[in-house]
1. If amide hydrogens are placed 1.01 Å from N in the peptide plane, which non-local residues have theirs closer than 5 Å to the one on residue 85?
2. Arranged from highest to lowest average of other beta-carbon atoms within 10 Å per residue, in what order do the peptides 66-72, 56-62 appear?
3. Calculated from the structure, Rg and Dmax of the Cα atoms in Å equals which of (i) 18.1, 58; (ii) 17.9, 53; (iii) 15.3, 52?
4. Find the centroid of the Cα atoms in the stretch 22-74 and in the stretch 84-123, then give the distance between the two in whole Å.
5. Just want to confirm a number: the relative contact order over the chain, from Cα pairs under 8 angstrom separated by 6+ residues, in percent.
6. Could you tell me which of rounded, prolate or oblate describes the stretch 58-104, using a ≥ b ≥ c as the square roots of the eigenvalues of the alpha-carbon gyration tensor, with rounded for a/c under 1.5 and, failing that, prolate when a/b is larger than b/c and oblate otherwise?
Amino acid sequence: MWFCNACFLPLLFNLTPSLPYRIALLQHGPRPLRRGDFIVFSFAGEAQSRYPGLRGQPFFKIVRGLPGDTVAVADRQVAVNGENVGIAKTHAYDGHPLAPIAPTIIPPGHYYVQGTSPDSFDSRYRDSGLVRTEQVIGVVVPIF
């Protein structure tokens, strides 16, 4: 197989309800992430031990928490810096119990990410967790 970096068209197609965008442009390369950035990252959460197909899968989410931010959980309601960002569901689609993320201060080199769907599998859950900088593939610019 032949691959040419110069010939690569960085278009992403999102087929899930995790975000309201279906087509986006991927900007590769390191850059500081900001709250509200759309990113694609390689999944490395604890759920990959139960669902091996998740390992390394690209996930498309929004950065909601930055290093130094406070994540709080009360009755499955998750908040970042006091702003409610979602409710952690009790069970996954297959009936497996889901534990919410533990309250924490987001450490350096980590981010809290989230989808816009209440069913999104994101940092609200311990099995997904925070995203490390090295997992980030790139920043995404939504097109449609």
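1. 78, 79, 80
2. 56-62, 66-72
3. Here the calculated entry is (iii).
4. When both Cα centres are located, 11 Å separates them.
5. Numbers: 313 pairs, mean separation 43.8, N = 144.
Contact order relative to length: 30 percent.
6. Working: a/c = 2.36, a/b = 1.39, b/c = 1.70.
It is oblate, given that a/c is not under 1.5 and a/b is not larger than b/c.
Bear in mind these aren't lab numbers, they're just calculated from the coordinates by the rules spelled out. All figures in this text were calculated on a predicted structure; none of them were measured in a lab. We place every Cβ from the backbone using ideal geometry, glycine too, and count neighbours over all the protein chains shown.
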